[in-house]
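This report concerns only the one structure given below.
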Amino acid sequence: MIFIDTANHISALAAKMAKPHVIAAYPITPQTTIVERLAEYVESGQLNADFIRVESEHSAMAACIGASAMGARTFTATASHGLLLMHEMLHWAGLARLPVVMVNVNRAIGPGWNIWSDLNDSLSQRDTGWIQFYASSNQEVFDNIIQAYKIGESEEVMLPVMISYDGFTLSHTSMPVEVPEQSKIDEFLPPFKPAWKIDVENPITHGNIVPPEPYMEIRYSMQRAMERAKKIIEEVGEEWGKKFGREYDLIQEYKCDDADYVMVTMGAISAEARFAVDELRKRGEKVGLVNLRTFRPFPYEKLKYEKMIVIDRNVSPGLGGVVYHEMKKTGKDLYGFIAGLGGVDVSYKDFERIYELAKRGKEGWYPLEVK
Amino acid sequence: MVSFRGEIVAIKDLPLDEYVLKGHAACPGCPITIALRIALKALGKKTILVIPACCTAVIEALYPKTAFNVPILNIAFEASAAGASGVASALKMLQQKDITPVVWAGDGGSYDIGLQALSGALERGTNFIYVCYNNQMYSNTGIQRSGATPYGAWTTTTWTGKKERQKELAEIVMAHHIPYIATATIAYPEDLFNKMKKAKEIKGSRYIEILAPCPPGWRFDMSKTVEMSKLAVETGAWVLYEVVNGKMEFNGYSKRILEGKERKPVEEWLKMQGRFRHLKEEELAKIKEMLDEKWKEYKKLYSSETSPDK
Ligand SMILES: Cc1ncc(C[n+]2csc(CCOP(=O)(O)OP(=O)(O)O)c2C)c(N)n1
Ligand code: SF4
């Protein structure tokens, strides 16, 4: 069935169809309409879940951790400052290997208060052990949320999963989304069978003091799980494709085969970049696009193009664009641009301009340093 | 003797089941293990403990072992009430309604950094028991002041004695209209046991605060933990009561004080503790004055609760 709705309402719908037992969430712009819709689903009996109306995001994540440790399927959603407040508990969920699923609606960080999009909130959570997906359309938002449960709950993975998408550009923009029947979703996503859970018949202590050597083993096992997640993400994306007609990988490539230059983007701006590729191709430019679907695990093996133009909607002050620096591991020629912070519009015209600049060997803050 | 309500009247009536096992890492004379041993005898096997950073998180034993015979979910310092909310929700949704989620947190994790999560959980009517064992400081990190540290007490962040008065968390909890609140201390194991047992039978949020005299923190000999606990009650430095559905009832020695029995001079309690060694005359006078004031309040509450037109 085709739904025409905002990414936030699509998120709530996807969460509902994944049938979580426990939802704990706190409102923040531009995520709020997710929480409102979920509360409505629960109160009207359309969703049989316990909705914990927590007093903060820190508590939202703590509650998801408590519920997930009991073997319950959980969901939460947040944005920006809410995500930052959760930071400690994000590490906790990751190290406890609990497959909590969360939507983060990307929003710039204050001060000054800014409710528009950039990716600094979720990229600041880089090392928390969460799998990170980015969506560039409302359809991807839906598809990623359902797949997130299957990936995170896989015995080979057992990691929490965050699905991020741009505030307003997606969160409050209606687009058509193909939504499968509930029975088809149920076939795809069986009930959660946790690898471990708290059980009074087996009184074990979870998360107590751990000496250095086993601590390092725990960290190592997390790293291995992230590596295995690459395979699971591909498999689940392929299965999704077979069932629902839209196949997914860690990256999405567009007109890359004969490209001399490939632009690399993440999030909603990928849609503009795609349009720019079409425009540039009309003028005979051999350019392609890679949209990064996952940031963790980072798909560097798949970024095999000789000249890549990386457009970061984020910045690590003192270093530069986060994705650009992560991509140095590829050993390819990279041209790094920082653009669109705090919701500055990045249109297809800007991508065309960035492409021209990169061809001339330039890089930097667009348009503050190079334009 | 065990009464018809399952209440016990003497220590010999405590169930023989042990949930605090040998090999835990508490200091000798630690009040936490005494309290937990009694509490778990009342709560039984179908209990899940949620424990934040505190001494108990150390006592419970080093990975991969455990010293308690019930499952434990450790959680971040300020997050125990929220973590337990998740556990309680999952128990409800997964149809495991005979299991009691119990937070076991220190005063730091309850009065200070965890107060927001605690207040939120109580306001939501979370179906759990929250236990704050109050040793009146942060002992895990080496004896720093907390919101529960009394006026005048030495800690490693109040070298010349704390300049402020402690707050009353149980009274803050009362403002949340929860069905059951109780205070207790380890010198009266029957009282602690009965309160735990009663709490277990009630639905909704239940709060129990246990005074826990800590030998290294309060600077007294490790053989004197129970005495210190008893004297706190006899001098009125600690008070025993229950609040059931908003109705307050004092118990034990505290009730007897209100009925006219002597409240021992608080110096007797203070002088046994190295943390008050430096107290000046005027500081001691201030402590006594604050305590008298508090007991006047208790007296008023007591009279209103016991007045015939109630
Ligand atoms: C966010 C955070 N801040 C600080 C700490 C360090 N810390 C661990 S336990 C503790 C004090 C605990 O005090 P209390 O709750 O009274 O329990 P006790 O140690 O007395 O048993 C502190 C400050 C921490 N673990 N987490
Ligand atoms: S410091 Fe005090 S509370 Fe902590 S383990 Fe030792 S005796 Fe117990």
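The values are calculated or read from the model by the stated rules, or taken from the named source; none is laboratory data. Note that the coordinates shown come from a computational prediction; the quantities given were computed from them, not determined experimentally. Cβ placement follows ideal geometry from the backbone for every residue including glycine, while neighbour counts extend to all protein chains displayed. Quick note on the areas: whole protein, heavy atoms, side chains included, nothing else; ligands and nucleic acids left out. Shrake-Rupley method; radii C 1.70, N 1.55, O 1.52, S 1.80 Å.
Brief remarks on what is shown
- Hey, A:ASP249 within 19 Å of the chain's Cα centre (by Cα) and open to solvent by 40 Å² or more (accessible area, probe 1.4 Å) or not: yes
- Screening B:LYS195 against (1) touching a residue at least 24 places away in the same chain (Cβ under 8 Å); (2) within 13 Å of ligand 1 (Cβ to nearest atom); (3) of a type in the set (D, E, K, R) leaves a single unmet condition, (2).
- Some residue of the stretch A:196-204 being more than 26 Å from A:MET1 (Cα to Cα), of a type in the set (Phe, Trp, Tyr), open to solvent by less than 80 Å² (accessible area, probe 1.4 Å) and not in a strand (DSSP E or B): yes
- Residues of the stretch B:34-56 that turn out to be surrounded by fewer than 24 Cβ atoms within 10 Å (Cβ to Cβ), within 12 Å of another protein chain (Cβ to nearest Cβ) and within 18 Å of B:LEU211 (Cα to Cα), as a count: 1
- Contact annotation: residue pairs with Cβ atoms under 9 Å, 6 or more positions apart or on different chains, pairing a residue in the stretch B:94-115 that is free of Cβ contacts under 8 Å to residues at least 12 places away in the same chain with a partner that is of a type in the set (A, V, I, L, M) and in a loop (DSSP other than H, G, I, E, B), are B:LEU94/A:MET70; B:LEU94/A:ALA72; B:GLN96/A:MET70; B:GLN96/A:VAL200.
- Failed condition for B:THR156, given (1) within 13 Å of ligand 1 (Cβ to nearest atom); (2) more than 14 Å from every other protein chain (Cβ to nearest Cβ); (3) out of contact with any strand residue (DSSP E or B) (no Cβ under 6 Å at 6 or more places or on another chain): (3)
- Index of the failed condition, A:MET17 passing every other in (1) away from chain B (no Cβ under 14 Å); (2) within 21 Å of A:LEU90 (Cβ to Cβ); (3) open to solvent by less than 20 Å² (accessible area, probe 1.4 Å): (2)
- Condition check for B:TYR151: surrounded by fewer than 24 Cβ atoms within 10 Å (Cβ to Cβ) and among the aromatic types (Phe, Trp, Tyr): yes
- Residue identified as within 23 Å of B:TRP238 (Cα to Cα) and in a loop (DSSP other than H, G, I, E, B) among B:GLY108, B:GLY125, B:GLY147: B:GLY147
- Test result for B:CYS27, within 30 Å of B:ILE143 (Cβ to Cβ), within 16 Å of ligand 2 (Cβ to nearest atom), open to solvent by 10 Å² or more (accessible area, probe 1.4 Å) and more than 13 Å from chain A (Cβ to nearest Cβ): yes
- Screening B:LYS22 against (1) assigned to a loop (DSSP other than H, G, I, E, B); (2) buried (at least 24 other Cβ atoms within 10 Å of the Cβ); (3) more than 8 Å from chain A (Cβ to nearest Cβ) leaves a single unmet condition, (2).
- Residues in the stretch B:80-96 that are open to solvent by 10 Å² or more (accessible area, probe 1.4 Å), more than 7 Å from chain A (Cβ to nearest Cβ) and on the phi < 0 side of the Ramachandran plot: B:ALA88, B:GLN96.
- Positions within the stretch B:120-139 being more than 27 Å from B:ARG275 (Cβ to Cβ), more than 10 Å from chain A (Cβ to nearest Cβ) and among the hydroxyl-bearing types (Ser, Thr, Tyr), in sequence order: none
For every residue, the table says whether it meets (1) in a helix (DSSP H, G or I); (2) open to solvent by 30 Å² or more (accessible area, probe 1.4 Å); (3) touching a Ser or Thr at 6+ places or on another chain (Cβ under 9 Å); (4) at pLDDT 95 or above.
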position	(1), (2), (3), (4)
A:TYR324	yes, yes, no, yes
A:LYS328	yes, yes, no, yes
A:PHE337	no, no, no, yes
A:ASP345	no, yes, no, yes
A:PHE351	yes, no, yes, yes
A:GLU356	yes, yes, no, yes
A:GLY361	no, yes, no, yes
A:PRO367	no, yes, no, yes
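- Test: B:ALA117 is more than 14 Å from ligand 1 (Cβ to nearest atom), within 14 Å of chain A (Cβ to nearest Cβ), part of a helix (DSSP H, G or I) and over 21 Å from B:VAL233 (Cα atoms): no
- Restricting A:GLY45, A:GLY71, A:GLY66 to residues that are within 11 Å of chain B (Cβ to nearest Cβ), within 24 Å of A:PRO190 (Cα to Cα) and surrounded by fewer than 22 Cβ atoms within 10 Å (Cβ to Cβ) narrows the list to A:GLY71.
- Residue check for B:ILE143: within 16 Å of ligand 2 (Cβ to nearest atom) and within 12 Å of the chain's Cα centre (by Cα): no
- Selection status of B:TRP218, open to solvent by 30 Å² or more (accessible area, probe 1.4 Å), within 16 Å of ligand 1 (Cβ to nearest atom) and in contact with a helix residue (DSSP H, G or I) (Cβ under 8 Å, 6 or more places away or on another chain): no
- Test result for B:THR141, within 16 Å of ligand 1 (Cβ to nearest atom), farther than 24 Å from B:ILE48 by Cβ and buried (at least 24 other Cβ atoms within 10 Å of the Cβ): no
- Test: residue in the stretch B:59-79 that is at the interface with chain A (Cβ under 9 Å from one of its Cβ atoms), under 15 Å from B:SER110 (Cβ atoms) and in a helix (DSSP H, G or I): no
- Test result for B:TYR151, within 12 Å of ligand 2 (Cβ to nearest atom), in contact (Cβ under 8 Å) with a residue 24 or more places away in the chain and over 12 Å from B:TYR207 (Cβ atoms): no
- Verdict on A:ALA24 being buried (at least 22 other Cβ atoms within 10 Å of the Cβ) and within 14 Å of another protein chain (Cβ to nearest Cβ): yes
- Complete set of residues in the stretch A:284-310 that are within 17 Å of A:ALA358 (Cα to Cα) and in contact with a helix residue (DSSP H, G or I) (Cβ under 9 Å, 6 or more places away or on another chain): A:GLU285, A:LYS286, A:VAL287, A:GLY288, A:LEU289, A:VAL290, A:TYR305, A:LYS307, A:MET308, A:ILE309, A:VAL310
- Which numbered condition B:LEU62 misses (of (1) within 16 Å of ligand 1 (Cβ to nearest atom); (2) out of contact with any Leu (no Cβ under 7 Å at 6 or more places or on another chain); (3) under 20 Å from B:SER139 (Cα atoms)): (1)
- Within the stretch B:66-111, the set of residues being more than 18 Å from A:PRO203 (Cα to Cα) and within 16 Å of ligand 2 (Cβ to nearest atom) comprises B:PHE77, B:ALA105, B:GLY106, B:ASP107, B:GLY108, B:GLY109, B:SER110, B:TYR111.
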